[in-house]
Amino acid sequence: MQKDRVVLLGTKGGPAIRPGTRMPTSSLVQMDGQTILVDAGLGCTRGLCDAGVALKDLETIVITHLHSDHYLELGPLFHTAWTAGLNHPVRLIGPKGLDQYWEGFLASMEFDISLRLRDEGRPDLKSMAQIEEISEGSTDIGPLRMSVLRNEHPPIEDSFALRFDGAQHSVVISGDTAPIPEMIPFAKGADLLVHEAMLSAGIEALCKRVGNGDDRLRIHLERSHAPADQVGKIAAEAGVKHLALNHLVPCDDPDFTEADWISETRRTYSGNLSIGTDGMEIPLQG
Ligand SMILES: [Zn+2]
Ligand SMILES: [Zn+2]
C-alpha cells in the first residue's frame, strides 16, 4: 500500500502566473490507501502525474471553495483522466455551484466529448463526476474520516477547512482563511497542518504591483487570509507535529525569500516547519 503522505502540488496563492512563478493551489493526500486531491488549481493535472499518481486511478476530489485558483483546472483534469483511461465514477465533493461549473465545462467541450464518445467508444464522461455538496460535519472516505469546518474567507461564505483522520495519521488543510480560533481545536494534535499564509510585509509591494489603483485588493487580502506569524500561533496552540505553509502570498517577489517566511513563522512557532514548494512531498511518519 502507498505510504501515507501529502504532496503539495501547487503552492501559490492567487490565480495569476508569470515567468518563473509557482502554480496555484492543489494538494494530494494519500492515507490508508485512499488518494484524495484537495483543490484543482491550474497545474494540478501535471502535478498529480509528477507525484506518481495515474490519472485513471483518481478516486476523490474535494474543492474547498470556488475561487478560481482552487478549481480552474477541475474540468480539464477530469477530461484528461478520461482520455488516460478513467472509467469509474469519481467522488467530487465541493460547494454549491460546482454542478454548474461541471455542466458548463461539458457544454464548452461538447464537440470534442461527443466526438470521442462516437469515435473512440469512451464511457460517458458526464456521469464520471459524482458531485456531493460539501457541508460542515464529517463524512467517510473509505476508511478515512473527513471533517469539514467552515472557515472565514469573505466575501465567499462556502469556504472550508478539511481534516482527514486515518488509522495512524491525521492531516488538516486550512483552505483559504483568515486566522480563526476554531482552527485550534479542529487541528488539535494533527500530524500535519497545511495552512495558507501571507507575509504581511510583502502585501503592500504586491498591491502596488498588481493592484487596481485602489485599496480593494489589500483589504481583501487582509480580511480573508492569514499572516504567517498568526498561523504559527495557531499551529503552536493546536500542538500539531508539523506545520507546512502553502498558498503563499506573495510568492513571486524576489525581495521576499524562504528566510522571510521562516523568521516570521518562528516568532510564534518552534516545531517542525516546511515552507511549501510545488511538488514538496511530506511523508507522514510514526
Ligand atoms: Zn486561493
Ligand atoms: Zn480563496
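Values quoted throughout were computed directly from the atomic coordinates according to the rules given, and no laboratory measurement underlies them. Given the structure is predicted, the values throughout are model-derived calculations rather than measurements. Methodologically, a virtual Cβ is constructed for each residue, glycine included, from the backbone with ideal geometry; neighbour enumeration extends over all protein chains shown.
Each peptide in 232-238, 9-15, 111-117 gets a packing score, the mean of other Cβ atoms within 10 Å over its residues, and the list from highest to lowest is 9-15, 232-238, 111-117.
Could you tell me the relative contact order of the chain? Use alpha-carbon pairs under 8 Å, at least six residues apart, and round to a whole percent.
19
How much length is gained if the chain between ALA84 and ASN272 is pulled fully straight, taking 0.36 nm per residue apart and subtracting their Cα-Cα distance, in nm to one decimal?
Taking 0.36 nm per residue and subtracting the Cα distance, the gain is 63.9 nm.
Each 10 Å bin, from zero up to the one with the longest distance, holds this percent of the alpha carbon pairs of the stretch 5-283: 7, 30, 36, 20, 6, 1, 0. Of the beta bridges in the stretch 130-286, as assigned by DSSP with both residues counted there, near 55 percent are antiparallel. Note on the stretch 5-283: lysine pairs with Cα distance below 21 Å, sequence gap of 8 or more or different chains, count 6.
Cα centroid separation, the stretch 154-176 to the stretch 181-196: 8 Å.
Please give the net charge around TRP82, taking every other residue with its beta carbon less than 9 angstrom from that of TRP82, where Lys and Arg add +1 and Asp and Glu add -1.
Numbers: positive: LYS56, ARG116, ARG122; negative: none.
Once all neighbours under 9 Å are counted, the net charge is +3.
When each of the peptides 268-277, 64-73, 161-170 is scored by the mean number of other C-beta atoms lying within 10 Å of its residues, the order from highest to lowest reads 64-73, 161-170, 268-277.
Indicate, rounded to the nearest 5 percent, the antiparallel portion of the DSSP beta bridges found entirely in the chain. Numbers along the way, then the final one.
Details: 30 of 56 bridges.
If I count the DSSP bridges inside the chain, around 55 percent turn out antiparallel.
For the pair the stretch 1-23 and the stretch 251-284, the centres of their Cα atoms are 14 angstrom apart.
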